[in-house]
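The values are calculated or read from the model by the stated rules, or taken from the named source; none is laboratory data. All figures in this text were calculated on a predicted structure; none of them were measured in a lab. Glycine gets a Cβ as well: all are built from the backbone with ideal geometry, and neighbour counts include every protein chain shown. Side chains are part of the model used for accessible areas, which takes the heavy atoms of the whole protein and leaves out ligands, DNA and RNA. Shrake-Rupley method; radii C 1.70, N 1.55, O 1.52, S 1.80 Å.
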Amino acid sequence: MQSEDLAGFDDDQLADHLLEGNIRHHVLHGTDMGPIGDLLAHALRWGLDTLEVMPLLQGASPATREAARLGADIAAALRGDGVDPAEVSSVDEIGAAGPGSMAALDAYLVLYGWRMVTSYDIEGLTVSELPGSVVALVRAGADGVQHDDSTVDEAGAQLRTRVPTEHLELYDQLLSGARQAYGLRDDNGSLTAEWPLGLTRRAYLEAGGRLADAGQMSAAERVFELDTDELASVLGGAASPAGAELDERAVHRQWEATLDPPLLLGDPPTVLESSVLPAGLRRVTDAVLACVSMLEKEPGGKPLEGMGIGDWAYTGRTRLASQPEDVLATFSPGDILVAAWTAPTFNSVIASAGAMIVEEGGLLCHAAVIAREPGVPAVIGATGALSMIEEGATVTVDPVAGRVTIEAST
């Protein structure tokens, strides 16, 4: 679908090209999270610390590391074409370096160019619209990409000695199943959400340009106020909603984005005692509860402290992703990303970060996966990070202590 030339479509063909829905993304959550939750639920029952268990999954998510590998491939091709990858400053410069560099860049953009990065809304930006992030990825890959998973097997063997003897076979099965499912988490997000959403955006951009040129809209970006059925109808010859109505929709959406929803709706949930359930239902319930409880951290906690991912501290310059499209467009290798949350959308660019600080999330959130796989030091659940840390400040991210220290403000 991505290889189709949308400019060559007539309006009816363009309407047929629009995508709608990503139901499979949610269907797959039983598969991509269930085995991991099953492992963690049993680990808790055996007295194991889940912070010790999750690192055993490191290296089992190729999708999380793929962008970094492709960035390193582009850097190697640049070097082969006689260009220092650490010195490139634009995508055009990469493409003009030589045939090898162009081929390696194309290989990356074919897979990532139309994936959403800054949002799960089609009004967000894709990789192809953030050339600065591509340059940062290539420059970060100038030294090659090295992932040391050598300690995973050793740690797993040590943890295995603490499992009750009668459960060793089950432990092995659960760990194997969790490792098989772990990579699906980010594959799921990429292939059933980010890429289809990016292709939907691509079609919307083409349609918006046509409708604005035809005088049916005041500006091309107003096309994002139409749902897919409306847009297909307009492309088919129906009248577009009036400009005033589209303006009103835009204002209302902008207002909705400012709302701060409550943590809970209704009464606080009752803690479920799963021991009263039949064995099979109890196992499924415990797995679900283990996953849900580890997607977010408990409310409260000290400012700038949270769960650490990684084994070493990192000091560097902060970039605040309060507006992801702004920071990712000018991100430099080694910068520390400070964000409210991350999603698999960040995989295509996060490999260039020196460290991450994320306000929300728990042991199973995407930020933890993104940090663990490429080996980026991170503190997850660092309350107040976006309000207490200034853009460009020098901070130390210490994942061992689970703490962020502001060394110098701007």
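Annotations
- For the peptides 132-143, 311-322, 42-53, residues were scored by their other Cβ atoms within 10 Å and the scores averaged per peptide; the highest-first order is 132-143, 311-322, 42-53.
- Note on the stretch 42-200: dipole from Cβ charges, positive end direction compared against 108, 195, 59; the farthest Cα belongs to 59.
- Over the stretch 46-131, Cα pairs under 8 Å with separation of 6+ residues give a relative contact order of 19 percent.
- Looking at the stretch 269-410, the DSSP beta bridges with both ends there are about 55 percent antiparallel.
- Take the chain with all the other protein chains still there, run a 1.4 Å probe, and you get 47 Å² of accessible area per residue.
- Cα centroid separation - the stretch 353-410 against the stretch 249-319, whole Å: 17
- Relative contact order (%) - the stretch 320-410, alpha-carbon pairs under 8 angstrom, separation at least six: 23
- Fraction of beta bridges assigned by DSSP in the stretch 309-382 that are antiparallel (%, nearest 5): 10
- The share of accessible area on the stretch 327-398 that comes from carbon and sulfur is 55 percent, using a 1.4 angstrom probe.
- Dipole moment magnitude, nearest 20 debye, the chain about Cα centre, only Lys, Arg, Asp, Glu C-beta charged: 1160
- Value of [θ]222 nm, deg cm²/dmol, for the chain, DSSP H segments ≥ 4, -39500 (n - 2.57) each, nearest 500: -14000 deg cm²/dmol
- The alpha carbon gyration tensor of the stretch 1-45 gives principal lengths a ≥ b ≥ c with a/c of 1.5 or higher and a/b greater than b/c, which makes the shape prolate.
- Rounded to the nearest 10 degrees, the inclination of helix 131-140 to the longest alpha-carbon principal axis of the chain is 40 degrees.
- Highest to lowest packing among 26-39, 226-239, scored as the average C-beta count within 10 Å: 26-39, 226-239
- For the chain: relative contact order, % (alpha-carbon pairs under 8 angstrom, 6 or more apart): 21
- Fraction of antiparallel bridges per DSSP, the chain only, in percent to nearest 5: 60
- Global geometry of the stretch 172-295, whether rounded, prolate or oblate, following the gyration tensor of its Cα atoms and the 1.5 cut on a/c: prolate
- Under a model in which nothing but the beta-carbon of Lys, Arg (+1) and Asp, Glu (-1) is charged, the stretch 270-346 shows a dipole of about 100 debye around its Cα centre.
- The stretch 314-410 shape via C-alpha gyration tensor axes, a/c threshold 1.5: rounded
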